[in-house]
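Notes to accompany the following structure.
Each value in this text was obtained by applying a stated rule to the coordinates, not by laboratory testing. Given the structure is predicted, the values throughout are model-derived calculations rather than measurements. Positions of Cβ are backbone-derived with ideal geometry, glycine not excepted, and every protein chain shown enters the neighbour counts.
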Amino acid sequence: MPEVELKNVVKTFDKGRITAVDHIDLHVRDREYLTLLGPSGCGKTTTLRMIAGLELPDEGEISIGDKLVSNLPPEYRDIGYVFQEYALFPHMDVWNNVTYGPRVKGWQEEKSDRIGREMLEMVRLFERADAFPSELSGGMRQRVALARALSSGAKLLLLDEPLGALDAKIRTDLRYEIRRLVKDLRLTAIHVTHDQAEAMAISDRIAVMRKGKILQVGTPQELYLTPQHIFVANFVGESNFLEGYVVDRAESKLTVELRGGISVMSLNKDHKKGEKVVVAIRPEVLSIHKGKKSGVNSIFGSIEAFRFEGNNVRYEIRLQNEDLLVVVRPALMGEWMDVREKVTVAFPVEKSFVFSYPERGLRTELALE
Amino acid sequence: MTIFSEPKGKQNLLSRIGVSATVASLIVFVFLPSFFLISFTFTRWPEVYNEVFANPLIGDTNWIEIQKYLGLSLRLAIFAVAIDLIFGIPLAYILARKKFWGKGFLEDLITFTLVIPTSGFGFATLIAWTTISGIGALFGRGIVETNYLIPGFNVPVIMLLVHIALTFPYIVKTLKAKLEDMSTLFEQASGTLGASPLTTFRKILFPLTIPAIFSGAVMAFARSLGETGATLVVQSVFTTAPIAVISWVSQFKFGPAAFLGSLLIIVASAIILPVEFILQKRGVSTFSFFSALNIEKRLLKVEDFASRKLSRLRDAIIILFIVIVVVVPIFVVLNSVALSWSSDPNTGKVTESVVYQLFGPSNYFSALLDATLVSFSSAGIATYIAACIAIPTVFLIERYRFGRFLRALLRIPLIVPTSALGLSILLLWGPGGLRLADPGIWLIILTHIVFSVPVVVEPMLATFEGSDIPLYEEASRTLGANPYNTVESVALPLSALRIDLPDCNLICSPYDFQKGDH
């Protein structure tokens, strides 16, 4: 039932001097788990707060279900909102926090009690109902906050960096718990985070935002496998970027000449001959071989740095044209190579992406802030 | 508890001297005067008893009168504080949470009654409401007679108006500061859970700010109980306890004056301290009060309706309140000065003009100038000495275990009515006591020090507790600064920021007892 629709929404602060959200359109489907992903200051939290009614848009329309809510205060939007800082009322115990929504909505006492109990059982904290927020751990507090947001019966759950203040291990546990709850209760959820691993793990779809705009919306796989924007290629997953010019374009393939006359091939995506482009290659698709080997997309270089990361090993390879490539390989697959070893790196034609060279320069386009 | 816990060697000696000197000065300048009146009453009990209860001529008339005066003072204070709360709480909320045009001006207006001499303000209120030169000009007669009483409660209307004007800023200021320090997160959370702004206020903001509201109310209550300057001007046929103290002193009847003064101190402490102690300790959790009455649901509906439809009305009522208690008196008095500047508006006589009176043969201007200079210099000296005592006191309270006790004791000078305090000082240091000073500027300074110390200490403590000062202190220590350098360069500048305007005004404002002395 609760679909969320944003049409041409704009929000500025400081008398228009700062544009937080810049003409965005977004459609969130019913019962979908959508994540707004982006670096800090990209406008994702502002977008969420506008959906909640905690900020009002300067322009554009926001609707929840079939109701236009653009200028409605939060109490009339029928939403659940989870704050990064929990925002549990410090003067109320867990029980009173969780049943706050039903009580201020004037529901029957039995109904409030039943829902409070159900929600607390759902987050496995019913036995802590008498505790005050200050007596709970961070993870528990966030579970109470979740139960509180859910107990007001809202079908739309908004989560503002809900795991941001938690320890790494608890983060991973809790993120799956949140997804499970959302799916069990058949809710629509919009989740804000700057952590791409978290977004990948829990979302049905992800909207990647940067500087107030949505760059791409898609499933985690789509964003990873077919990024439409050079920023997305870098922010969702990781990428090597090699600058060059298109020297040849066949029906399905494109030949790009990098610095130092190295040629690589990629899939054709409407780039003109002579155009300046950037080839993006994920570190994990690169294979690495000792010595010099020839072949398509094989580049010769030497290992400049080696790092052991636990499950992976990471090499930094200085190519013969002085460009630097990062290669990530599973730590337990194949033998590890030493620094200064001469190697050939290679990648399959269909696993690289070509983007037009950004007008404002590559660094600016990839910058997080 | 961090940096002074274990001072060593030379620092140990220095710190002991510092602590002893601070404690000694607190005792001599603050605590002794606050309690002396009570001990005076006890040590001279037979004399006091004869004067109050068994006077050979008038019997226990004085006792009956004391009950009457005290009753009026208490009714007045309770009434004033109740009205302060009704208007002050929403006002503080609006000032802390809303942005609107003219907000700065509104804040200045609220502070205004703390800044101006109270007797002047009393006079302004008097002519504004009771004479034909004020609002009465519109109707051809005064609006309020000075002897009008609120039916049933027997509180004089004009006196109540003055007391409200002089006390409501305490509630507004304290609550506003507390709200500004508090994040809006809880309000947002409550809104997303479906509560209207008014419900949010009742269930979230009010319980969380109760200590601030209460400490504002305590100050307002104490201020009203001790208010003398403005009350004298508008008293008409009524006498409040502080005025009675002063008139008895001026007739050298120290017995009943000391007894009534002691009663004021005891009553104020008995009402204020226990409640404050409970509230500070436990806070207030959710109330089931309304749901127990089965009106919770109706209340929620009313709050929802009022939040949506009546916020304009609320704003209008609050503006009207400020206009009545503050703006009208000030405007009227300025207006009459302007009208009578060069000649009397009714008779046209130049000799009755403001200019003639000030600079003519009677030369009131120089008298006025002298009085103002005395007020300012005494307030300046008192503030300086008070700050010298208060700053080390803040550190004692923060660092030492007996600090909490010290802090509780420091509430007492705040709630001792100023006229009782003045009498206490007079009896302690004056000609009838230790003979260290004659009535005059030195006694005024000594009086002001007593209540200025806690007034400086409290906001500094509030800054300390609500801030990251301990964190900055630790940073300073890790960078190699010793405890004294740290206090001097980090803690002191950060906490001193809070000794702000209204507090200094409080120090300067009550010249109450000065009147009584002469």
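Within the same chain, lysines fewer than 8 places from A:Lys169 are excluded, and of the rest, those with a Cα less than 27 Å from its Cα are A:Lys44, A:Lys183. Going from the fewest other Cβ atoms within 10 Å to the most, the residues B:Thr61, B:Thr118 appear in the order B:Thr61, B:Thr118. Packing, taken as the mean count of other beta carbons within 10 Å per residue, orders the peptides A:336-347, B:362-373 from highest to lowest as A:336-347, B:362-373.
Its Cα centre serving as origin, the protein assembly as shown has a Cβ charge dipole (Lys and Arg +1, Asp and Glu -1) of approximately 920 debye. Under 10 Å, Cα contacts only: if you run a Gaussian network model on chain A, which one of A:Lys276, A:Lys155, A:Lys290 comes out with the highest mean-square fluctuation? Looking only at A:Lys276, A:Lys155, A:Lys290, the largest GNM fluctuation is found for A:Lys290.
Using the rule -39500 (n - 2.57) for each DSSP H run of four or more residues, divided by the residues of chain B, the 222 nm mean residue ellipticity is -23000 deg cm²/dmol. Under a 5 Å amide H cut-off, with hydrogens placed 1.01 Å from N, A:Leu36 pairs with A:His191, A:Val192, A:Thr193, A:Ala207 among residues at least 5 apart or on other chains. The simple spin-label model puts a point 7 Å past each Cα toward its Cβ; for B:Arg298 and B:Val337 those points are separated by 5.2 nm.
Rounding to the nearest 20 debye, state how big the charge dipole of the range A:4-233 is about its Cα centre with +1 on each Lys and Arg Cβ and -1 on each Asp and Glu Cβ.
Charge dipole of the range A:4-233: 260 debye, to the nearest 20.
The distance from the alpha carbon centre of the range B:69-134 to that of the range B:191-208 is 27 Å, rounded to a whole number.
Taking 7 Å steps out from each Cα toward its Cβ at B:Ile441 and A:Lys273 produces label points 9.9 nm apart. Exposure proxy ranking for B:Ser15, A:Ser134, B:Ser196, based on other Cβ atoms within 10 angstrom of each Cβ and starting from the fewest, stands as A:Ser134, B:Ser15, B:Ser196. Going by neighbour counts of Cβ atoms within 10 Å, the residues A:Trp95, B:Trp442, B:Trp341, B:Trp429 line up, fewest first, as B:Trp341, B:Trp442, A:Trp95, B:Trp429.
The loop-placed trypsin sites (Lys or Arg not before Pro) in the range B:138-199, going by DSSP, that have at most 12 neighbouring Cβ atoms within 10 Å of their Cβ come out as B:Arg141.
With contacts taken as Cα pairs under 8 Å at a separation of at least 6 residues, chain A carries a relative contact order of 15 percent. Binning all Cα-Cα separations of chain B at 10 Å, short to long from zero, yields these whole-percent fractions: 3, 16, 25, 25, 18, 9, 2, 0. A simple rule links phi to the HN-Hα coupling: the Karplus curve 6.51 cos²θ - 1.76 cosθ + 1.60 with θ = phi - 60°, which for the range B:184-194 gives 7, 4, 5, 5, 4, 4, 4, x, 5, 8, x Hz, with x for Gly and Pro.
Taking all Cα pairs closer than 8 Å and separated by 6 or more residues, the relative contact order of chain B comes to 23 percent. Here each label is just a point 7 Å from Cα along the line to Cβ, and for B:Ile266 and B:Leu479 those points are 5.5 nm apart. Computed from Cα positions, the angle between helix A:109-122 and the longest principal axis of chain A comes to roughly 30 degrees. Placing a label point 7 Å from the Cα of B:Leu57 along the Cα-to-Cβ direction, none of the residues of the range B:211-250 has a backbone N under 13 Å of that point. Largest mean-square fluctuation among A:Ile62, A:Ile79, A:Ile262, in a Gaussian network model of chain A whose springs join Cα atoms under 10 Å apart, belongs to A:Ile262. Between the Cα long axis of helix A:168-184 and the first principal axis of chain A there is an angle of about 60°, rounded to the nearest 10. Relative to one another, the C-alpha centroids of the range A:102-175 and the range A:224-284 are positioned 47 Å apart.
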